[in-house]
1. Kindly indicate the residue of region A:16-29 that is open to solvent by less than 70 Å² (accessible area, probe 1.4 Å) and not small (Gly, Ala, Ser) and also nearest to DNA strand C (Cβ to nearest atom) among those meeting that condition.
2. Any idea which of B:Ala49, B:Ala32, B:Ala64, B:Ala45 is more than 14 Å from DNA strand D (Cβ to nearest atom) and open to solvent by less than 70 Å² (accessible area, probe 1.4 Å)?
3. Among (1) among the hydrophobic types (A, V, I, L, M, F, W, C); (2) open to solvent by less than 60 Å² (accessible area, probe 1.4 Å); (3) in contact with a Phe, Trp or Tyr (Cβ under 9 Å, 6 or more places away or on another chain); (4) away from DNA strand C (no atom under 11 Å from the Cβ), where does A:Ile11 come up short?
4. Residues of region A:1-43 being touching a helix residue (DSSP H, G or I) at 6+ places or on another chain (Cβ under 9 Å), in contact (Cβ under 8 Å) with a residue 60 or more places away in the chain and not in a loop (DSSP other than H, G, I, E, B), which ones?
5. What pairs can you find where one residue is in region A:46-66 and more than 10 Å from every other protein chain (Cβ to nearest Cβ), the other is buried (at least 16 other Cβ atoms within 10 Å of the Cβ), and their Cβ atoms are less than 6 Å apart, with a gap of 6+ or different chains?
6. So which residues in region B:30-51 are more than 9 Å from DNA strand C (Cβ to nearest atom) and closer than 20 Å to A:Glu65 by Cα, if there are any at all?
Protein chains: 2
Amino acid sequence: MKNNIKVQRAIHNLTQQDLADRISVSRQTINALEAGKYVPSTVLALKLAKLFDKTVNEIFELEAED
Amino acid sequence: MKNNIKVQRAIHNLTQQDLADRISVSRQTINALEAGKYVPSTVLALKLAKLFDKTVNEIFELEAED
DNA sequence: CCAATAAGTAAAACAAACTTTACATTTTGT
DNA sequence: ACAAAATGTAAAGTTTGTTTTACTTATTGG
C-alpha cells in the first residue's frame, strides 16, 4: 500500500511534528508512514483524510502485493 | 469508529465466511469487525471498500471517542 | 557560517490486530 | 421438527502497529 501523506503535508505546510500533534500520534509514526514502513489503522487513515479534506482512498492506494 | 460491513455484506449476499475468503482474513476477523471489536488495518479497509465498490469513508466513520 | 529546526533512523517495550481452535447459539431450508 | 449452515463468542498465540527514547543527518533562516 502506498500513500501521499508527504505531499498532503507539504500542501498544508505542516511539519511531521505538527501533523503528529494534530492527529495524536508520535512524530516517528508519521515518519514511518511516509516511508511506507507500515500500514496504519483505519482510524488513523480517517483522521488524516479528515485533516486533509480528502477521502481515505485519495490518500491511500492498494498495490499488487496487498 | 463504526462501520456498515454487515449491511454491505447483506447487499452483496455474502456470508461472513464468503467475505473472509474474498479478502483473505479469518471469519472471526469479519465477525469481530462487524461487532465493532476492533479497528482494521487500512489495507483491510481498502480491500473491503474495493469489494463493495464503495470508498473507505462510505463504509467506516469516525466517532467522537476516536 | 552558525544555530535552530526538521527529518531520518533504530531499538526496546507495549498495545492492538489477526489467526487458530473450539464450542455454543441462532437461523434457514426442507 | 430436524439437519445443516451461519453466526456469536472466547482464549491463547503470533504478528504488526505505535510509543518512547535517543542519536544522527539534512535543511532552513539569520
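1. Here the residue is A:Gln16.
2. B:Ala49
3. Looking at each condition in turn, A:Ile11 falls short on (2).
4. none
5. A:Phe52/A:Gln8
6. Residues of region B:30-51 that are more than 9 Å from DNA strand C (Cβ to nearest atom), as a first pass: B:34-36, B:46-51.
The answer is B:Leu46, B:Lys47, B:Leu48, B:Ala49, B:Lys50, B:Leu51.
The values are calculated or read from the model by the stated rules, or taken from the named source; none is laboratory data. Please read these numbers as outputs of a predicted model, since none were measured by experiment. Counting neighbours? That spans all protein chains shown, and the Cβs are built from the backbone with ideal geometry, glycine included. Quick note on the areas: whole protein, heavy atoms, side chains included, nothing else; ligands and nucleic acids left out. Shrake-Rupley method; radii C 1.70, N 1.55, O 1.52, S 1.80 Å.
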